[in-house]
Amino acid sequence: MDQPLIHQTGTTTTITEQTQNDNSNGIISRIDFQVPETNAGCRPRAYTHTSPTNLASLNKTVNDRLKSSLANSTRKQYNKIWIDFRQFCISHLSITDSIIPISIHTLSLYLASLYEKGYAPSTMSTYNSAISYWHKINNVSDPTASFLIYKLIHGAKKKRCTFDGRLPITISILRD
């Protein structure tokens with residue numbers, strides 16, 4: 001097979017490639033590609049922004065994109081969880097100032113309080129995820145990924161007795 005022929009004219013490059021058909025009947029096909037010319041090997045720009053961008057506009061864009069990274073329901077749930085966690089810190093630990101980043105010990109106490117309130121281990125995991133989100137979004141170390149927290153939630157899963165709501169099969173059910 002021959003090398004492709006390249007022909008450049010102004011703003012486009014045409015690449016002509018001749019290929020031989022696989023069924024060995026000697027038919028040669030011609031393929032032409034139109035490639036737009038770009039500046040110094042860069043991709044062509046999809047849009048141009050004519051107005052100057054100020055810092056306030058960029059901050060708003062960042063905040064809007066971060067806000068849209070979570071579903072509305074998830075964002076609302078995470079906000080509720082964060083408020084609940086702050087209330088726990090105020091009422092149980094007398095922590096009123098900035099609480100982020102939190103210690104592994106503080107998080108373990110909070111998760112233990114959820115367990116004692118009867119929260120399901122899956123709910124505890126959701127609360128843990130919300131706290132993780134707030135740490136990651138603020139670019140601080142995340143205590144939720146620690147081995148101790150993992151084992152605490154895992155232990156809650158093993159220890160929590162779940163109620164089986166199914167009734168036993170009776171002879172009358174079997175007859176019907």
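Here region 98-111 is the region considered, the condition is being touching a Cys at 6+ places or on another chain (Cβ under 9 Å) and assigned to a helix (DSSP H, G or I), and the residue that is nearest to MET124 (Cα to Cα) is TYR110.
Being closer than 19 Å to SER146 by Cα and either free of Cβ contacts under 8 Å to residues at least 24 places away in the same chain or among the hydrophobic types (A, V, I, L, M, F, W, C) (or both) is the filter here, so list the residues in region 107-121 that pass it. Correct list: LEU107, LEU109, LEU111, ALA112, LEU114. Taking region 136-153 as the range and being touching a residue at least 40 places away in the same chain (Cβ under 8 Å) and part of a helix (DSSP H, G or I) as the test, the residues that pass are ILE137, PRO143, LEU148, ILE149, LEU152, ILE153.
Being within 27 Å of LYS67 (Cα to Cα), free of Cβ contacts under 8 Å to residues at least 12 places away in the same chain and not small (Gly, Ala, Ser) narrows it down to one of THR170, THR96, THR126, so name that one.
On the way: THR170 fails: within 27 Å of LYS67 (Cα to Cα); THR126 fails: free of Cβ contacts under 8 Å to residues at least 12 places away in the same chain.
Just a single option satisfies the conditions, and that option is THR96.
Residues are listed down the side, and each one gets a yes or a no for (1) among the hydrophobic types (A, V, I, L, M, F, W, C); (2) at pLDDT 90 or above; (3) not in a loop (DSSP other than H, G, I, E, B):
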{"site": "SER73", "(1), (2), (3)": "no, yes, yes"}
{"site": "ILE81", "(1), (2), (3)": "yes, yes, yes"}
{"site": "THR96", "(1), (2), (3)": "no, no, no"}
{"site": "MET124", "(1), (2), (3)": "yes, yes, yes"}
{"site": "SER129", "(1), (2), (3)": "no, yes, yes"}
{"site": "PRO168", "(1), (2), (3)": "no, no, no"}
{"site": "SER172", "(1), (2), (3)": "no, no, yes"}
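The values are calculated or read from the model by the stated rules, or taken from the named source; none is laboratory data. Predicted, not measured: the structure shown is a model, and the values here were computed from it. For neighbour counting, all protein chains shown are included, and Cβ atoms are generated from backbone atoms with ideal geometry for every residue, glycine included.
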